[in-house]
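Heads up: the structure comes next, in structure tokens.
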Amino acid sequence: MTNEAKPRVYDVLAKAFIQEGVSTCFTLMGDANMNWAARLRQQGCRMVFVRHEHCAVAAAMAYARKTSEVGVATVTCGPGVTQLITALPAAVRAHLPLVVFGGEAPLRSSWYNQGIDQAPIIKATGADYHPLHLPERMPIGIRDAFLQARRERRPVVLGIPFDLQERAWDGPEKLPTPSGQLLPRLSPIPPHPDDVAKAAELVAAAERVVVFAGLGAVQAKAGPACRTLAAKTGGLLTTTLPARGLFHDDLYCIGITGSFSTEVGLEYLAQADLVIAVGHSLAYHAGGGGQLFRKAKMLHIDVDPRAVRQGQEVARHHLRADARLGVEALTAALPARSTTWRTEAMAARIRDSKPDNHVFEIEPGLLDPRDAVEALEEALPADWELVNSSGHCSWFFAQMPSRPQEKFLTIREFGAIGNGISFAMGVAAARPDRTVVMFDGDGSLMMHIQELETIKRHKLNILIIVMNDGAYGSEVHKLRSEELPEDGSVFGRPDFAAIARGFGLGGKTFTSLDGLPKLVEEFAATGGAAVWDFHVSDKVVSPTIRRAHPPGKHAKA
Ligand SMILES: Cc1ncc(C[n+]2csc(CCOP(=O)(O)OP(=O)(O)O)c2C)c(N)n1
Ligand SMILES: [Mg+2]
């Protein structure tokens, strides 16, 4: 075969991705990835062409979380790769498997303006980086990247010099066996009977038990088992923020535990004498830094039980097992009890209490974000996919108790704002038949507002709800509590409705909640994308900020 008739390396690399089952790729092209991306598209992969590389990876993160597949994104070399430095640590911390096809500067040039040492930049984020510099081994390198991303549950970035991609293919005709055929089929790990007996003793002696589920419980499908355990112990149920909604219709679920706990939830947590954390990473924020259940012992049921996490002693009692099998075995080993913490009055209180009752004076023409969330909870259809972004306002829109876990997504392990719009795109790509509603702050939305254009062009069904306090709320409340000037944290309210219309989306401003149900109905009937801008007061301070930043905290003694 003459060199002209041979396929190019990028053709084969595109095939290697298709063979891995890749059906969606979040893409921003440049010299070092465009030939490959065009071939990937020709071979049937849906390409979502975004407007910032950060958003390509962030969208792939949400896609991976929603589909349980490996999320795939591609960026060009140099400035394309350096844009990823905020998204990758977030994916690492959230244990999301990603493969990113990154270009590298051409090897043939002694100088290239976009050249930069990419490996240390990527590795500093906690992601792995593999330079692939031998064309005939590249398909194996790609396959191994998928294996690694799945096994280690983290992003793997491939660096492929673009001059090598353009060469004629001289490697083997057959592609390597894809990762899906090689991955070990792992059955859930059952607990050891001795550990079960010890745990059962501990639980039997406790009087006020809280079963506290994390995402591991969701993934192990341990929800029903947790409900049974809580019922048998006469105790309560709660979840971390990412797992919120796992027990949404249980009378004895107190919602989220952690920074986003409700008033009533906090009260019961303070009374607990045993917390059983199930499929849970025991992260700092989920335990309120150890402050929320001070009297309680902690039993950790997980495949990787922990004693110390993120600088804190977290659990003294451990049951190593798959979340579901561990909880089922523990429940079976428990004797029936004669007393229960649960009462009907407790259930009524949980059902009838507002998440936060603090009274604030709201300026005329502005909304209380808590009222806006309550009205949205009522009005939004039950089958819409919810995405919770970031910022101070996220406390409020996490409080939508009727929404089940499978319709909810948040990824916040790196604490970055600006990701909501990308996560919404990732969910919309993963669930094309659904409407996605994304809740964001004005500051966060502004950070990647350019993606409204992507949403429009790709005809994604996304309704963006902005809690627009005209400020970086998280900052303004802290500055006020310290009696510092508000400069740099208060900006005034951008006209998001007009901005949205400028991008060809729908846009509405809300200074009243009247007519919301009708507008939701109309939107549900037409589909499409819109930004709804709720003008909320910046005087309403979330309970978390009130606790952590009481007025005068830094006042001089
Ligand atoms: C990338 C990044 N930059 C800055 C911050 C610091 N920060 C945390 S919350 C916040 C304000 C967010 O404002 P907005 O989205 O309007 O939400 P609000 O807090 O007002 O409800 C900022 C700047 C951050 N967490 N991440
Ligand atoms: Mg704001």
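The values are calculated or read from the model by the stated rules, or taken from the named source; none is laboratory data. All values reported here derive from a predicted model rather than from experimental measurement. Quick reminder, even Gly has a Cβ in these numbers, built from the backbone with ideal geometry, and neighbours come from all protein chains shown. Note: areas computed on protein heavy atoms with side chains; ligands, DNA, RNA excluded. Shrake-Rupley method; radii C 1.70, N 1.55, O 1.52, S 1.80 Å.
Worth pointing out:
- In segment 173-199, of all residues being within 30 Å of Gly78 (Cα to Cα) and not aliphatic (A, V, I, L, M), the one that is least open to solvent (accessible area, probe 1.4 Å) corresponds to Ser179.
To keep it simple, each residue is scored yes or no on (1) open to solvent by less than 20 Å² (accessible area, probe 1.4 Å); (2) at pLDDT 95 or above; (3) farther than 20 Å from Gly216 by Cβ; (4) not in a loop (DSSP other than H, G, I, E, B).
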| site | (1), (2), (3), (4) |
| --- | --- |
| Leu299 | yes, yes, no, yes |
| Ala315 | yes, no, no, no |
| Leu325 | no, yes, no, yes |
| Ala329 | no, yes, no, yes |
| Arg337 | no, no, yes, no |
| Ala348 | no, yes, yes, yes |
| Arg351 | no, yes, yes, yes |
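- Residue match in segment 266-280 (condition: within 14 Å of Val209 (Cα to Cα), open to solvent by 30 Å² or more (accessible area, probe 1.4 Å), of a type in the set (Asp, Glu) and not in a loop (DSSP other than H, G, I, E, B)): yes
- When segment 200-224 is limited to residues that are open to solvent by less than 20 Å² (accessible area, probe 1.4 Å) and in a helix (DSSP H, G or I), the one that is farthest from Ala283 (Cα to Cα) turns out to be Ala200.
- Residue count, segment 367-389 (criterion: open to solvent by less than 10 Å² (accessible area, probe 1.4 Å) and within 16 Å of ligand 1 (Cβ to nearest atom)): 7
- Filtered residues of segment 473-498 (kept if outside any loop (DSSP other than H, G, I, E, B) and either of a type in the set (Phe, Trp, Tyr) or within 15 Å of ligand 2 (Cβ to nearest atom) (or both)): Gly473, Ser474, Glu475, Val476, His477, Lys478, Leu479, Arg480, Val490, Phe496
- Top-ranked residue of segment 99-115 - restricted to ones that are open to solvent by 20 Å² or more (accessible area, probe 1.4 Å) and aromatic (Phe, Trp, Tyr), ranked as nearest to Arg143 (Cα to Cα): Tyr112
- Restricting segment 494-518 to residues that are under 16 Å from Thr435 (Cβ atoms) and in contact (Cβ under 8 Å) with a residue 60 or more places away in the chain, the residue that is most open to solvent (accessible area, probe 1.4 Å): Pro517
- Failed item, numbered, when Phe247 is tested on (1) buried (at least 16 other Cβ atoms within 10 Å of the Cβ); (2) touching a strand residue (DSSP E or B) at 6+ places or on another chain (Cβ under 8 Å); (3) assigned to a loop (DSSP other than H, G, I, E, B); (4) in contact (Cβ under 8 Å) with a residue 60 or more places away in the chain: (4)
- Only residues that are away from ligand 2 (no atom under 15 Å from the Cβ) and either without any contact (Cβ under 8 Å) to a residue 40 or more places away in the chain or within 20 Å of the chain's Cα centre (by Cα) (or both) were counted across segment 453-472, and they come to 5.
- Taking each residue of segment 138-159 that is open to solvent by less than 10 Å² (accessible area, probe 1.4 Å) and looking for partners that are small (Gly, Ala, Ser) and part of a strand (DSSP E or B) with beta-carbon atoms closer than 7 Å, six or more apart or interchain, yields Val157/Gly102; Leu158/Gly102; Gly159/Gly102.
- Taking segment 386-421 as the range and being part of a loop (DSSP other than H, G, I, E, B) and among the hydroxyl-bearing types (Ser, Thr, Tyr) as the test, the residues that pass are Ser389, Ser390, Ser402, Thr410.
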